[in-house]
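*Asks:* Got a structure for you, questions after.
The values are calculated or read from the model by the stated rules, or taken from the named source; none is laboratory data. The model shown is predicted, which means the values in this text are computed figures rather than measured ones. Don't worry about glycine lacking a Cβ; one is built from the backbone with ideal geometry, like all the others, and counts go over all protein chains shown.
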Amino acid sequence: MPREAVSFVVPDLSAFARSLARALAAREATERPGHVEMLNLIARAAGHRNVQALRASLHAPVSPLAAEDRAPAVPLTENARRTLRLFDTRGRMVRLPSKYTLLKLALWVLWTRFDARRVYTEKQVNAVLIAANTFGDHVTLRRELIDHRLLARESDGSKYWKLAARPDDETRALLAAWRVRQRERGRAPVATQEEPGLH
């Protein structure tokens, strides 16, 4: 069987190395991981569920734009345009804005990366947010998502989940523009179940 070359980008090499080291340390020290297990550990450190999910993400077909995704329903505000500029061509947030209105809008973009049907561990939330920013502060992003009632968690931090939230007109326009931009760049946005007013 021919071997398939799999390449992927690690947004933060230091965070990737720390995550991989933690995963290796959590294993039994008596034996080394096998080949497939090592591939899965590497894929998880890069923010994927396993190596199959990593491979699937590289070959996921980009669906054509739906009519409602071709243009935002309302024009983008200046704040929404500035928020879009907080993200690089790979969809990663490049800096934490000091202006509250921009932070609030940027958090909605991060909110779309979570699946409404799934319960996450803190480690899984961290993996999503590590992959979603280049400035290395997933802890602040996680806290802000909770403070803005976009994510919720158990008091002991054992479980996290996406909250159903109703974006206003400015946010809906931003998210529509975000989806268009990601699809144009060949990166289909994460499918979400609960995005009222966005279907």
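*Asks:* Got a sec? Which helices (runs of 4 or more DSSP H) wholly within segment 77-156 have at least 1 residues that are of a type in the set (Lys, Arg) and surrounded by 20 or more Cβ atoms within 10 Å (Cβ to Cβ)?
*Replies:* By residue number, 138-147.
Each row is one residue, and each column tells you yes or no for (1) in the same structural domain as ALA53 (by TED's automatic domain parsing); (2) at pLDDT 95 or above; (3) in contact with a helix residue (DSSP H, G or I) (Cβ under 7 Å, 6 or more places away or on another chain).
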| position | (1), (2), (3) |
| --- | --- |
| PRO97 | no, no, yes |
| LEU107 | no, yes, yes |
| TRP111 | no, yes, yes |
| ARG142 | no, yes, yes |
| ASP147 | no, yes, no |
| LEU151 | no, yes, yes |
| GLU154 | no, yes, no |
| ARG166 | no, no, no |
